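Accompanying notes for the structure given below.
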Amino acid sequence: MQADYIDYAGYSRCIKLEDEHARVILGPHCGGRVLEYAWEGENALMLDPAHYGWTWKPGQAPPPQLCPSGGRFDVGPEMIIPRHPELWLGPWEAEVVGPATVRMTSQPSEAIGLQLVREFSLVGPHAHLICTQTMKNISDRETRWCYWSRTFGRGHGICLVPLTPALSRFPRQYVMYGPGRVIQTAPEDPAIRIRDGLLEVWDTPANPKLGLDSYAGWFGYLMPNDLLFLKRFPTYPERIYNEVAGLTLSLWYYRDVVCELEPIGPMEVLAPGEAASFSEEWWLVRHPFPERRDVLDLAEVLERVRQVMSA
């Protein structure tokens, strides 16, 4: 496996990691993103062609809707962190640091006192990609931010999240944001149900943003293109999660266009000069999308997950 350079989606000199079945394309031009995460040519990410080649300049108006798309990463908590477009939209530096590893480094953000470094390594079968973000406190004050992944999966799939009811603070083990600024702590939605210990979002919910406090440390998203996108990440029941509802993960199921898959890390208290890292692992697995989306065989999916994550 060897990293290479490629022009892609309107950007020059993106970096490609590729093996026999999988391809990862990384773009440092706008927010340090994953532009393609593909299995046998099928991209699992929603990348909007309307925004190909889009870049941000300081003082520019907010980006178009759903831009930037693809595999995005950020820092939070969402409701209280100051704006930091240098990290979210600005250009990053990229370098190949190994046969299958790329490192990208952000500009510094004075607003939140951080500089970010991301490393991506394609390490094994089923497009096994390790994504690590390190936040470094470059300010002269203590910082209290958290990791926030914001990956755009292709739209109108089925989300599966294993639950940990003994640790949940929510009556229905998830919350729904909206309408408006309301957070519903006991929502009822026909597109969401609990089966066999899993929260299953099997169709489009009434409001797009959902939050969970599961400590199982993984979830899956089965897309209509017969790809199962798996994410695994560490959780810390003894630590503080400083999102407004104490979330370990969030889903943003926007119509049939996109589903944002969002592991969230705990609060990192960093003195000046200190750093903290958070990693998530990705896999892609071929799995048939059901003819009726409300009758997915969960036992088959769970067995496939077990096989992949134990390999």
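Just so it is clear, none of the values below were taken in a lab; they were calculated from the coordinates. What you are looking at is a predicted structure, and each value in this text was computed from that prediction instead of being measured. All Cβ positions, even for glycine, are placed from backbone atoms using ideal geometry, and neighbour counts span all protein chains on display.
Results, tabulated for the structure shown:
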quantity	calculated
TYR11 long-range amide H proximity, modeled H, under 5 Å	GLY53
C-alpha center-to-center spacing [region 69-89, region 257-295] in angstrom	15 Å
Backbone HN-Hα couplings from phi across region 255-260 [Karplus 6.51/-1.76/1.60, Hz, Gly and Pro as x]	6, 10, 8, 7, 10, 8
Sites ASP297 and GLU20, calculated FRET efficiency, Cβ-Cβ separation with R0 41 Å, nearest 0.05	0.90
Point-to-point label distance, ALA311-ARG144, nm (Cα→Cβ direction, 7 Å offset)	4.3 nm
Per-residue HN-Hα couplings for region 102-117 [Karplus 6.51, -1.76, 1.60; θ = phi - 60°; Hz; x = Gly/Pro]	10, 10, 10, 10, 7, 5, x, 10, 5, 4, 10, x, 10, 10, 10, 10
Integer Hz, Karplus 6.51/-1.76/1.60 couplings in order for region 47-53, x for Gly and Pro	10, 7, x, 5, 10, 4, x
Virtual spin-label span in nm between GLU40 and VAL96, 7 Å along Cα→Cβ	2.7 nm
